[in-house]
Amino acid sequence: MTDKRVAIHTLGCKVNQTESEAMLGLFQKRGYTPVDWREEADVYVINTCTVTHLGDRKSRQMIRQAIKRNPAAKIVVTGCYAQTSPGEVLAIPGVDLVIGTQDRGRLVELVEQAQKGQAPLNLVADITQRREFEELPLESFVHRTRAFVKIQDGCNQFCSYCIVPYARGRVRSRQPDQVIAELQRLVQMGFAEIVLTGIHTSAYGQDLGEGVNLGSLLWRVLTEVPALPRLRLSSLEPTEITDELIELVADNPVLCRHFHIPLQSGHDEILFKMNRHYTTREYQQLVDRIRAVIPGVAITSDVIVGFPGETEVHFSQSLQFIDELNFSDLHVFKYSPRAGTRAAKFPNQVAPQVKEERSQRLIALAREEAHRFAQAFLGQTLTVLLEEQTDPAGWVGYTDNYLRVVLPAIDERDLRGQLVSATLERIEDDKIIGRYKDVGK
């Protein structure tokens, strides 16, 4: 055992956050005490992101912050930036250990090697050669209300703007038995909602043989984890959402009525340049099929503005298409050239001020669509998972179709993690205000 302290800082996506929680658990199991990132620690772990060059820069900033906070600490850098650019990381004086997006299960052992003076260590391996999912069991949890379970890693898509396949390797799926066992444990711990996540979640099972896919996994979850209150799916590729999967969500109230389906552009010419394998017509047909069988479903999406070659005509048509789709929420990203991707070398790069202007127009449309979606549920009674107390007077939570609802506090009760029935009454400043149906009577 040890009395050493460890701090972890996470950049990037939910997968990174989940992996950070697992790594923190590995340290705790060996007797390390977790401390806040802003405190002095004996070991700092920076779990990096490399989706954009800004992610790279932020990762370097966090590494230097940790070194400055305690020059005697062991500095460990992991994650996607460490995987793609280990040389850049090692060039920062004070880094002790660089480990990419694999072999994190040995992290504590490797840190202790570095503590014995065997540093700096560069243990970044060729991720493209990995064919098995790395088990990182969750031992500790930051989130008290919902847990994220990683079921898949890697991506085979190779979109022209994306560095992720080079940072994460090929698709690798977690064995179904391991997924089921972790879900059963999380339900016993009292989690009311579990989110299945991955780098390319809808590709689950592609490497596990015939008959294993996301739909078959969900059937097993519904059968073998009967006490699970809520199961949510993270981002799914439009080409991999089958009618069977849609019907499964429609027929099982445990599965949240929420599909996050990246669009990226509402113009076919730009989609082709992005190496996205669908057309706007196919995307529209998918959305129509989902809405036809799942009343009240939320469909959220990602869109990139300012992709190389995107003209004002392309953007205007994309804007019109998105307006017709009526998303319930939209994440808007300004295209950022990423070294190592094909799109970074494309001609006709869009000026930053044009990207900013288009981003603001799309964000304004997204707000309108979110407001329209929320209005349709006023007067209805829905189940809300309470997640945080924003102030002494109120709690915030989410419905299964991802409406953010504000409810009043009741005495001094801690309602975090509870599922409650609430009637949605009005919208104030983009917030849905509700009242309880089954609490506080």
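The values are calculated or read from the model by the stated rules, or taken from the named source; none is laboratory data. Please read all numbers here as calculations on a predicted model, not as lab measurements. Backbone-built Cβ (ideal geometry, glycine too); neighbour counts: all protein chains shown. Heavy atoms of the whole protein, side chains included, go into the accessibility calculation; ligands, DNA and RNA do not. Shrake-Rupley method; radii C 1.70, N 1.55, O 1.52, S 1.80 Å.
What the table shows:
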| quantity | calculated |
| --- | --- |
| Segment 386-402: number of residues that are at pLDDT 95 or above and either touching a Pro at 6+ places or on another chain (Cβ under 8 Å) or open to solvent by 10 Å² or more (accessible area, probe 1.4 Å) (or both) | 3 |
| Residue count, segment 308-323 (criterion: of a type in the set (D, E, K, R) and either in contact (Cβ under 8 Å) with a residue 24 or more places away in the chain or buried (at least 19 other Cβ atoms within 10 Å of the Cβ) (or both)) | 2 |
| Segment 34-52 - residue that is polar (S, T, N, Q) and in a loop (DSSP other than H, G, I, E, B) and, of those, farthest from Ala7 (Cα to Cα) | Thr52 |
| Among the residues listed as Asp153, Asp177, Asp103, the single one being open to solvent by 60 Å² or more (accessible area, probe 1.4 Å) and either modelled with pLDDT of 90 or more or more than 28 Å from Tyr335 (Cα to Cα) (or both) | Asp177 |
| Residue within segment 342-360 that is assigned to a strand (DSSP E or B) and not β-branched (Val, Ile, Thr) present | no |
| Residue match in segment 366-375 (condition: out of contact with any Cys (no Cβ under 7 Å at 6 or more places or on another chain), among the hydrophobic types (A, V, I, L, M, F, W, C) and closer than 17 Å to His314 by Cβ) | no |
| Pairs where the first residue, in segment 336-363, is farther than 20 Å from Ile163 by Cα and the second is open to solvent by 50 Å² or more (accessible area, probe 1.4 Å), C-beta under 7 Å, 6+ apart | Lys355/Lys334; Glu356/Lys334; Ser359/Lys334 |
| Per-region count, segment 16-68, residues open to solvent by 20 Å² or more (accessible area, probe 1.4 Å), among the hydrophobic types (A, V, I, L, M, F, W, C) and touching a Leu at 6+ places or on another chain (Cβ under 8 Å) | 2 |
| First in segment 1-13 and more than 10 Å from Asn47 (Cα to Cα) and open to solvent by less than 40 Å² (accessible area, probe 1.4 Å), second anywhere and assigned to a strand (DSSP E or B) and at pLDDT 90 or above, Cβ under 7 Å, 6 or more apart | Val6/Pro34; Val6/Val43; Val6/Val45; Ala7/Tyr44 |
| Total residues in segment 411-441, condition assigned to a loop (DSSP other than H, G, I, E, B), within 20 Å of Ala192 (Cα to Cα) and not small (Gly, Ala, Ser) | 8 |
| Single residue of Gly31, Gly25 found to be farther than 22 Å from Ile163 by Cβ, touching a Ser or Thr at 6+ places or on another chain (Cβ under 6 Å) and either part of a helix (DSSP H, G or I) or free of Cβ contacts under 8 Å to residues at least 12 places away in the same chain (or both) | Gly25 |
| Segment 200-231: number of residues that are under 30 Å from Val384 (Cβ atoms) and either in contact (Cβ under 8 Å) with a residue 60 or more places away in the chain or touching a Cys at 6+ places or on another chain (Cβ under 8 Å) (or both) | 4 |
| Looking only at segment 299-324, and only at residues there that are among the hydrophobic types (A, V, I, L, M, F, W, C), closer than 17 Å to Lys273 by Cβ and not in a loop (DSSP other than H, G, I, E, B), the one that is farthest from the chain's Cα centre (by Cα) | Val313 |
| Members of segment 367-377 found to be open to solvent by less than 90 Å² (accessible area, probe 1.4 Å) and either modelled with pLDDT under 95 or assigned to a helix (DSSP H, G or I) (or both), listed by number | Glu369, Ala370, His371, Phe373, Ala374 |
| Residue match in segment 390-397 (condition: over 20 Å from Ala370 (Cα atoms), over 27 Å from the mean Cα position of the chain (by Cα) and free of Cβ contacts under 8 Å to residues at least 60 places away in the same chain) | yes |
| Only one of Ala364, Ala343 that is closer than 17 Å to Leu271 by Cα, of a type in the set (A, V, I, L, M) and open to solvent by less than 60 Å² (accessible area, probe 1.4 Å) | Ala343 |
| Single residue of segment 274-299 satisfying the filter (under 30 Å from Lys345 (Cα atoms) and β-branched (Val, Ile, Thr)) that is surrounded by the most Cβ atoms within 10 Å (Cβ to Cβ) | Thr280 |
| Arg185 vs. criteria closer than 21 Å to Pro262 by Cβ, surrounded by fewer than 20 Cβ atoms within 10 Å (Cβ to Cβ) and of a type outside the set (Asp, Glu) | no |
| Counted residues, segment 80-96 - those being within 16 Å of Ala125 (Cα to Cα) and out of contact with any Asp or Glu (no Cβ under 8 Å at 6 or more places or on another chain) | 8 |
